[in-house]
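Contents: one structure, followed by commentary.
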Amino acid sequence: MSEQEPGLILHHYALSPFSEKARLILAQKRLPWTSIEQPMVLPRPELERLVGGYRRIPVLQQGRHFYCDTSLIAARLEAIKASPSFLAPSPTLSRLAESYAGTALFACANALVFQPGGVRTMLKILGREQLAALQKDRAELMRESRGVQFQPRAAAASLQAWLRSLDQELAAGAFLSGKEPGLADFSVLAPLWYIRQFYSAALQLDGFANVRDWMDRLKALSESNAPRSAPPDHCLAVVMAAPEDRPVDSSAQDPAVGTRIGVQPADYGRSPSVGVLRELDDNEIVIERTDRELGALYVHFPRVGYEWEAVS
């Protein structure tokens, strides 16, 4: 398949902040993609069949390969199309910004959107029944969480401090990454976009014109690369048509390649995906799952931020 048509499917939903980050990367790279809208809450039967217990959104699919977590999705898209790169001005600093935004900034946003003002917005958007399902689902997702958590008052104060700092930084240029948007922009935007969707009253930008204009520029970018849409079962047909191209086994580490393992996030959503370890290096963990009808499925996780153990 050509670079212009890499066969990318994004499993996502419209109001997911991490999905917005992935959509921005796809837009920045001008990559064509197919949208499969997933429910905001479990069950997601087709996706669960493919990736196992992993329950976060989004997931990037390319044939029989499934890339979990936006940090790995970003790396995969950079590998598919290196130009324009989103790692300016420094790959290391870009990834540090990504990590910080995905932990502390997202935890701050999460604390705010589930306050009464945010819940009222959710009720208008989702309706009472779906809101109740979302609250139950998110409680289960955060059960036994080891991630950063904010009390609402601390979250509000932290947000104001971050906005002041961000506004000062953006006074020097259109984007955090320089003249063009990059991974730092997409990562920091995601939690602010999340607040704007559900609790805009908590994101007062009257005194932060640079932040407001930056968010508007990124909104225009996101909307510039419309996907094709497909139903959920389309992903199964794509798997059936794809070759079983097993990843090259890496050098044995602990657990050894060939061992049956469970992989899960280290912070929240700690529901393991189980399969046979096929690749392990400094960047990713790849397991092979087997479906009686679909055959081999390869599920990729980032090395950083995920944990695994051998299972029987």
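The single condition from (1) of a type in the set (Asp, Glu); (2) on the phi < 0 side of the Ramachandran plot; (3) in contact with a strand residue (DSSP E or B) (Cβ under 9 Å, 6 or more places away or on another chain) that GLU78 fails is (3). The set of residues in region 113-124 that are surrounded by 13 or more Cβ atoms within 10 Å (Cβ to Cβ) and farther than 12 Å from ALA201 by Cβ comprises PHE114, VAL119, MET122, LEU123.
Check whether at least one residue in region 201-223 is assigned to a loop (DSSP other than H, G, I, E, B), within 21 Å of the chain's Cα centre (by Cα) and not charged (D, E, K, R), and report yes or no.
no
When the test is whether a residue is at pLDDT 95 or above, surrounded by 12 or more Cβ atoms within 10 Å (Cβ to Cβ) and acidic (Asp, Glu), ASP233 does not pass it.
Of the residues making up region 260-296, those that are surrounded by fewer than 18 Cβ atoms within 10 Å (Cβ to Cβ), in contact with a Ser or Thr (Cβ under 8 Å, 6 or more places away or on another chain) and not in a loop (DSSP other than H, G, I, E, B) are ARG260, GLY262, VAL276.
Just one of the listed residues (ALA109, ALA174, ALA101) is in contact with a Ser or Thr (Cβ under 6 Å, 6 or more places away or on another chain) and either closer than 20 Å to LEU24 by Cβ or of a type in the set (Phe, Trp, Tyr) (or both), and it is ALA101. Any residue in region 140-157 that is of a type outside the set (Ser, Thr, Tyr), modelled with pLDDT of 95 or more, farther than 15 Å from TYR268 by Cβ and surrounded by 15 or more Cβ atoms within 10 Å (Cβ to Cβ)? Yes, region 140-157 contains a residue that is of a type outside the set (Ser, Thr, Tyr), modelled with pLDDT of 95 or more, farther than 15 Å from TYR268 by Cβ and surrounded by 15 or more Cβ atoms within 10 Å (Cβ to Cβ).
Regarding region 178-192, can at least one residue be identified that is of a type in the set (S, T, N, Q), assigned to a helix (DSSP H, G or I) and free of Cβ contacts under 8 Å to residues at least 60 places away in the same chain? No: region 178-192 contains no residue that is of a type in the set (S, T, N, Q), assigned to a helix (DSSP H, G or I) and free of Cβ contacts under 8 Å to residues at least 60 places away in the same chain. Among the candidates GLN160, GLN197, GLN168, GLN149, the residue that is part of a loop (DSSP other than H, G, I, E, B) and not assigned by TED's automatic domain parsing to the domain that holds ASP281 is uniquely GLN149. Considering VAL299, VAL257, the condition of being surrounded by 14 or more Cβ atoms within 10 Å (Cβ to Cβ), over 26 Å from the mean Cα position of the chain (by Cα) and in the same structural domain as LEU50 (by TED's automatic domain parsing) is satisfied by VAL257 alone.
The values are calculated or read from the model by the stated rules, or taken from the named source; none is laboratory data. Everything numeric here is computed off the predicted structure, so don't read it as measured data. Note: ideal-geometry Cβ built from the backbone for every residue, glycine included; neighbour counts use all protein chains shown.
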